[in-house]
Each structure stands twice: as structure tokens, then as C-alpha cells.
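The values are calculated or read from the model by the stated rules, or taken from the named source; none is laboratory data. None of the values given here were measured: they were computed from a predicted structure. Cβ atoms come from the backbone with ideal geometry, glycine included; neighbour counts cover every protein chain shown.
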Amino acid sequence: MSGFRPLGWFFFSLGCLVSSLPGAEPEFRGAWVATVYNLDWPSKPGLPPEIQKAQLRAILDRAAELHLNAILLQVRPASDALYASRFEPWSEFLSGTAGVSPGYDPLSFAIVEAHLRGLELHAWVNPFRAGISASRRLPANHVAKKHPEWVRRFGKQLWIDPGNPEARDYVISVINDLVGRYDVDGVHLDDYFYPYPLRSGEATFPDDATWARFGRKSGMSRADWRRENINDFVRSLYRAVKATRPRARFGISPFGIWRPGVPAGTRAGLDAYAQLFADSRKWLAQGWVDYLAPQLYWSIEPGEQSFPVLLNWWRAQSRGKPVWPGIATERIGSKRPAPEIVRQIELTRRGTSSPGQIHWSMKALMRDQGGIDEVLRSGPYAEKAVLPAR
């Protein structure tokens, strides 16, 4: 990599950059733990509770060893629950069968074990996905069974229609119930609002009935109406979470490019604003989040998607809110060696009093992809960054 200086220089500069900022907060060092399709945990459905617990302990042990300070655990991947929900069925990714208890409460267990290790535990939820497969049998207490009028089939999956105000209120009540009953340190949403298009350039979510009932009378275009549905949801959920648990951080991880061509020279195959109807810049500007974690999964080198160019653009929109980008640690390989992750961490620390980053995903750290663990341990994460009590 041209112009790459010795790692020791970078490690020294990392500490200097953070410590030199007056009033700098401890760095947020997170990692996503995905449960959908058993991507990160548990390794497969149907494992006995003690094996699931042992696997989760190993993840939390590794996070603590690497001096991370936050885990974002996916607890509602598809209108199901990896906790004792009052509204929704147990997730099939635990027992192998939707609605069947795993024999313990994974979220309660995760919170206790994370806190024992000095880690924050954030509940990561997917708001509108209702089923990973429309052909699977669903329990009677699943939203698609209780309120089929809210649910749409899109491709092979089921989605709650964000255009129905009652459906949005339902999702908020589910999440707020979780926040009220569990000692979570935060609530985190991923980038699925209206679903990703089935084909490049298309946005064909089947909401004709909802548009006819709620949208036409709004006076907005259909696209603006869809965006306002998501804006209303984000705004209302933020207020509900802060009213129930004021200390909890509320954050969202949107697609890393707000719109193609923004900033100038940026290209993307997806227009999140026009196809997911996610105006993430507005949420940041309006203060409807405590932080934003745009998924900046690209490399540093100049090009059509540049990590530093995008990071600087997002920070320019922040109005004082932290921007803690998602970093693609799982893409470490011959074209993106582990030292590039160090350089990206350095960039997240420059010019901010609220440094932070989130690794996608914990699996890359568990398998020490490209030797990343030692690079982090001996370098940017050599010292602990203990977050303030909340």
C-alpha cells in the first residue's frame, strides 16, 4: 500500500489524536453480533442452552480481551424475539422452531454477562421485516397471523407495511416494551426500513392498499409519503425510548451513502433515499438519534466510494451528534489487509470529541481474520476505553 508508514507510528498517532482533543469522550468500540440466519450466534439453531451460553460467553470474552466496550446483539431479526417478548414469538434461530422457547432468556443472560466484562449491551432490532420466508409456518402470536392486513409479501419474505400508522405504533410498542423490561444500554436499528429492491433500480413494495387509504389524502407524492412514514417512525421511536429509559443510547446504522452523487463523485448501485425511503441525513440533523453508524464498508483509497470522503461528509451533517461508522472488518483479505482497519480507526478519531466505530461483524474478530486481533490489541485498542456509566 503506497505511502504506508510503520505501524508503530500509527499507534502512537492514534493515542495522540484522541488525547489532544479537549473534553474527548471515551471511544465507542462496538461489534455487531448477528443472529439472523445464525450468522454470528448461535452457531446453528437447536443447540442446548448451555452450548448457546458458552458460545455467547466466548464472544463476550473476545470482545473484552480486545478492549471493545459495546456489543450490538440482534434480538429481533424478523418480528420474532431472542428474549421473553410479551408480543412476539421466540425466534427460530434459537430452538430451530419459531415460537419454541430455548429454555432460558438470551437477552437477560447477555446483559448480565456483558456487564460483568465491562461491556455495554445494545439491543439491535430490525423494525419491519416480518419473516425471512413467506412459506414457513408461523406461530399464532406472530404479527403476520394477528394482523395479516399489516403484512406484505415482498419477494420471498414478509414485511410489515410502514405506511400503516397502526403497524408503526405496534413496532414501537414492541421495542419500547423491551426497553422498559430489560437493562439494555441502547437500542440499535439496522438499514432495513422499506426493503431493498428485488432488482437493481426498482422499488416496487406492494403498498397500493395502504397508499389508497392513507397516502393519497396526505397531499404528498408517494415517495415523499413513504419517507415521511419512516421519519415519523424514527422520531416517535426515539421519543418513546428516551421517555422509557433516558440513559439508553438510540442509534441507527443506515446504508453508507445517503444518495448517489453525494458527496460529489460518489457512486452507488442503491439510492437509499429513493429506494429504501430512508432520509438518514434528516434523522441526524433533527436530533432523532443519539448517534449514527453509516455502513462505510469501502476502502480508504480514492475512488467512487471512499471511506474518508464519506466519513467527512456524514460528520458535516451531524450537528454535534456522534458519527460512529460501521467498518467492514469481515472484508479483510489480500486486497484489504488488517492494517487498513487500523488506518480507518485512525480516521474515525480525527477531529472529533466523540470517537467511535463498529465492526462488522464479531465473526471476523472471533476467527482473527487476517491477524486483526493482535493488530488491534497491540495498536489502537492497546488501552481500555471505558464508557461513562449511563
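Would it be correct to say that A78 is in contact with a strand residue (DSSP E or B) (Cβ under 9 Å, 6 or more places away or on another chain) and aliphatic (A, V, I, L, M)? Please lay out each step first, then the result.
Numbers: in contact with a strand residue (DSSP E or B) (Cβ under 9 Å, 6 or more places away or on another chain): yes; aliphatic (A, V, I, L, M): yes.
Taking the combined requirement at face value, the residue satisfies it.
Being modelled with pLDDT under 95, out of contact with any strand residue (DSSP E or B) (no Cβ under 9 Å at 6 or more places or on another chain) and either surrounded by fewer than 18 Cβ atoms within 10 Å (Cβ to Cβ) or among the basic types (K, R) (or both) is the requirement here; does E383 meet it? Explain how you work it out, then say what you get.
On the way: modelled with pLDDT under 95: no; out of contact with any strand residue (DSSP E or B) (no Cβ under 9 Å at 6 or more places or on another chain): yes; either surrounded by fewer than 18 Cβ atoms within 10 Å (Cβ to Cβ) or among the basic types (K, R) (or both): yes.
No: the conditions fail for E383.
I need the full set of residues from the stretch 355-377 which are farther than 19 Å from P254 by Cα, β-branched (V, I, T) and in contact (Cβ under 8 Å) with a residue 60 or more places away in the chain, in order please. Write out each step before concluding.
Within the stretch 355-377, the subset farther than 19 Å from P254 by Cα is 363-377.
Restricting the remaining residues to those that are β-branched (V, I, T) gives 372, 375.
Passing the criteria: only V375.
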Review point. Listed residues A167, A134; which is without any contact (Cβ under 8 Å) to a residue 60 or more places away in the chain, assigned to a helix (DSSP H, G or I), in contact with a strand residue (DSSP E or B) (Cβ under 6 Å, 6 or more places away or on another chain) and surrounded by 16 or more Cβ atoms within 10 Å (Cβ to Cβ)?
Key: A167
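Is it the case that some residue within the stretch 176-188 is closer than 29 Å to L270 by Cα, at pLDDT 95 or above and not hydrophobic (A, V, I, L, M, F, W, C)?
From the stretch 176-188, those closer than 29 Å to L270 by Cα are 186-188; that's our starting set.
Of the ones still in play, those that are also at pLDDT 95 or above are 186-188.
Right, trim to not hydrophobic (A, V, I, L, M, F, W, C) and you get 186, 188.
Scanning the stretch 176-188 turns up at least one residue that is closer than 29 Å to L270 by Cα, at pLDDT 95 or above and not hydrophobic (A, V, I, L, M, F, W, C).
For the stretch 222-237, which residues satisfy the criterion of being under 14 Å from D279 (Cβ atoms) and of a type outside the set (D, E, K, R)? Step through it out loud before you land on a result.
As a first pass, look at the stretch 222-237 and keep what is under 14 Å from D279 (Cβ atoms): 223-235.
Correct list: A223, W225, N229, I230, N231, F233, V234.
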Revision key, fill the gap. Restricted to the stretch 88-114 and to residues being of a type in the set (V, I, T) and within 17 Å of Q55 (Cα to Cα), the residue nearest to the chain's Cα centre (by Cα) is I111
Study note, to complete from the structure: Residues in the stretch 55-94 that are over 20 Å from R249 (Cα atoms), of a type in the set (S, T, N, Q) and either part of a loop (DSSP other than H, G, I, E, B) or touching a helix residue (DSSP H, G or I) at 6+ places or on another chain (Cβ under 9 Å) (or both) total 3
Practice item. Take the stretch 24-75 and flag every residue that is in contact with a strand residue (DSSP E or B) (Cβ under 8 Å, 6 or more places away or on another chain) and of a type in the set (F, W, Y). Key: F28, W32, W41
Practice item. Select from the stretch 160-195 the residues that are among the polar types (S, T, N, Q) and within 19 Å of the chain's Cα centre (by Cα) and list them in ascending order. Key: N176
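Taking the stretch 313-354 only, how many residues are of a type in the set (A, V, I, L, M, F, W, C), closer than 12 Å to I300 by Cβ and in contact (Cβ under 8 Å) with a residue 60 or more places away in the chain?
Step one: list which residues in the stretch 313-354 are of a type in the set (A, V, I, L, M, F, W, C), which gives 313-314, 316, 323-324, 327-328, 332, 338, 341-342, 345, 347.
Those still in the list that are closer than 12 Å to I300 by Cβ too: 327-328, 341-342, 345, 347.
Now restrict to residues that are in contact (Cβ under 8 Å) with a residue 60 or more places away in the chain: 342, 345.
The qualifying residues number 2.
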Point to revise | Residue check for G371: surrounded by fewer than 17 Cβ atoms within 10 Å (Cβ to Cβ) and not in a loop (DSSP other than H, G, I, E, B) | key: yes
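Please enumerate the residues belonging to the stretch 137-158 that are charged (D, E, K, R), more than 21 Å from T35 (Cα to Cα) and either touching a strand residue (DSSP E or B) at 6+ places or on another chain (Cβ under 7 Å) or not in a strand (DSSP E or B) (or both).
Residues of the stretch 137-158 charged (D, E, K, R): 137, 145-146, 149, 152-153, 156.
Now narrow it down to the ones that are more than 21 Å from T35 (Cα to Cα): 145-146, 149, 152-153.
K145, K146, E149, R152, listed by residue number.
Given the options S85, S133, name the one that is of a type in the set (G, A, S) and either over 21 Å from the mean Cα position of the chain (by Cα) or closer than 30 Å to A212 by Cβ (or both).
S133
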Point to revise | Top-ranked residue in the stretch 296-312 [being in contact (Cβ under 8 Å) with a residue 40 or more places away in the chain and crowded, with 21+ Cβ neighbours inside 10 Å; ranked as nearest to A240 (Cα to Cα)] | key: L296
Study note, to complete from the structure: Given (1) small (G, A, S); (2) surrounded by fewer than 22 Cβ atoms within 10 Å (Cβ to Cβ); (3) under 20 Å from the mean Cα position of the chain (by Cα), A123 misses just (2)
Practice item. Report, by residue number, each residue of the stretch 313-351 that is surrounded by fewer than 20 Cβ atoms within 10 Å (Cβ to Cβ), within 22 Å of P263 (Cβ to Cβ) and of a type in the set (S, T, Y). Key: S318
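Do we find that P388 is under 19 Å from E120 (Cα atoms) and at pLDDT below 95 in this structure? Walk me through how you get there before you give the answer.
Working: under 19 Å from E120 (Cα atoms): yes; at pLDDT below 95: yes.
Judged against the criteria, P388 is a match.
Mind listing just one residue for me: the one in the stretch 279-295 that is of a type in the set (D, E, K, R) and surrounded by fewer than 22 Cβ atoms within 10 Å (Cβ to Cβ) and, of those, nearest to the chain's Cα centre (by Cα)? Before you say what the answer is, go through the steps one by one.
Our first condition is that a residue be of a type in the set (D, E, K, R); within the stretch 279-295, this holds for 279, 281-282, 290.
Keeping just the survivors that are surrounded by fewer than 22 Cβ atoms within 10 Å (Cβ to Cβ) gives 281-282, 290.
On the way: R281: 16, K282: 18, D290: 13 Å.
Ranking the candidates gives D290 first.
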